[in-house]
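Report on one structure; see the data block that follows.
Just so it is clear, none of the values below were taken in a lab; they were calculated from the coordinates. Keep in mind it's a predicted model, so treat the numbers as computed, not measured. Methodologically, a virtual Cβ is constructed for each residue, glycine included, from the backbone with ideal geometry; neighbour enumeration extends over all protein chains shown.
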């Protein structure tokens, strides 16, 4: 806990006055010691979770940590003492609308403390969303975080349906739930904190991941992404319109790398062939969209760019039954001023994209 000191400043006499400055103001009291759990805190098995709905989803202890016996369980949303809007001011601050946009229904927050007596603690937020798709989309939003997975993706964590571990933080998805864990320790250096977090967080994440209910299999569109070249933790799922094109609907984007080449793969799964054809019909309305010459499958190509200074992102799309696939350029490795020869070194050629589509939509 951070302690802020208030310094009492003595007023300095105006210039020309020959009085000596008053003695040094009385110093504040020494700060209290950093709060630590006592050795043996977890000897009785850990604290209990007061919320009856969430209690079965939390392991009372994991590793050397346990639910804080003296801690508080706070609950917001459905069947909770506080409404979901209160979580905005007490827990999520400016990010509250992000959570809500994915269908947030309920939040439970508590902490685990170290039974060995260190000041280490793991804060846990368990968020319940309206749908499995909304929860998974929020999880991938946290993991990919609108950044290049090659540069910033967290490490894979075997927990729940999917897990990711960063520096001092971790995320776990399963069914309609997402767990966010963060490690704190006021007396550790950054290197010590990193090492301690790597020891403290995974057992808790795995234990909760096994207890929360729900399907461990991601949405069908994410599951349908081809595995070859897919970056670790390189999947983004949206419940809105894939590629930001109105009317396309939900889908998954996979981030790929093979050698120097980078690309993205789009995966959309619809209930039937007619619905998938509607997606292709929507994409045909994109400015400059055109059919694929000589293709033996239902497909088209188009280009997208954010503004005049942005690079052109070329996509080729195909349909197979109720599934729509696309292969597009990786915008993280392209710039508007990049020479064509340099762009070719890091992007798939039209022939390479066509070959990718053949494997996806012809089954070859």
Review point. Any idea what the relative contact order of region 220-361 is, in percent, if you count C-alpha pairs under 8 Å spaced at least 6 apart?
Key: 21
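Per DSSP H run of at least 4 residues, take -39500 (n - 2.57); add these up for the chain, divide by its residues and hand me the 222 nm value, nearest 500 deg cm²/dmol.
Working: 8 runs with 79 residues, N = 364.
Roughly -6500 deg cm²/dmol at 222 nm, from the helical runs in the chain.
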Check your understanding: Could you give the length gained on full extension between residue 169 and residue 145, defined as 0.36 nm per residue of separation minus the Cα-Cα distance, in nm?
Key -> 7.3 nm
Exercise for review: Could you work out which residue, out of 66, 318, 88, moves most in a Gaussian network model of the chain, that is, has the largest mean-square fluctuation with Cα springs under 10 Å?
Suggested key: 88
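Subtracting the Cα-Cα distance from 0.36 nm times the residue separation, let me have the gained length for residue 38 to residue 358 in nm, one decimal. Walk me through the numbers on the way to the answer.
Details: separation 320, 0.36 × 320 = 115.20 nm, distance 6.24 nm.
Full extension of this stretch gives 109.0 nm more.
Tell me, in nm to one decimal, what length is gained between residue 310 and residue 116 on full extension, where the rule is 0.36 nm per residue of separation less the Cα-Cα distance? Working shown, then result.
On the way: separation 194, 0.36 × 194 = 69.84 nm, distance 5.39 nm.
That pair, residue 310 and residue 116, stretches by 64.5 nm at full extension.
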Exercise for review: For region 55-211, report the translational diffusion coefficient in µm²/s to the nearest whole number, using Stokes-Einstein at 25 °C, 0.890 mPa s, and a Kirkwood Rh over Cα pairs.
Suggested key: 154
Practice item. With the Cα gyration tensor of region 206-364 in hand, give its eigenvalues times 5 under a square root as the equivalent ellipsoid semi-axes, listed largest first in whole angstrom. Key: 26, 20, 16
Review point. Distance in nm between label sites at residue 215 and residue 52, each 7 Å beyond Cα in the beta-carbon direction?
Key: 3.0
**Study point:** Option label - volume of the Cα convex hull per residue in Å³ computed here, alternatives [x] 221; [y] 149; [z] 125
**Key:** [x]
Revision key, fill the gap. One finds the C-alpha centres of region 208-225 and region 86-148 to be spaced, in Å, by 17
Practice item. Could you check the simple spin-label distance between residue 230 and residue 182, using points 7 Å along Cα→Cβ, in nm with one decimal? Key: 3.0
Review point. Quick one: what Rg and Dmax do you get for region 221-270 from the alpha carbons, in Å?
Key: 11.1, 35
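Using 1/(1 + (r/R0)^6) with R0 = 45 angstrom and r between the beta carbons of residue 342 and residue 89, what's the FRET efficiency to the nearest 0.05? If you can, show how the numbers build up before the last one.
Working: r = 49 Å, r/R0 = 1.09.
About 0.40, to the nearest 0.05.
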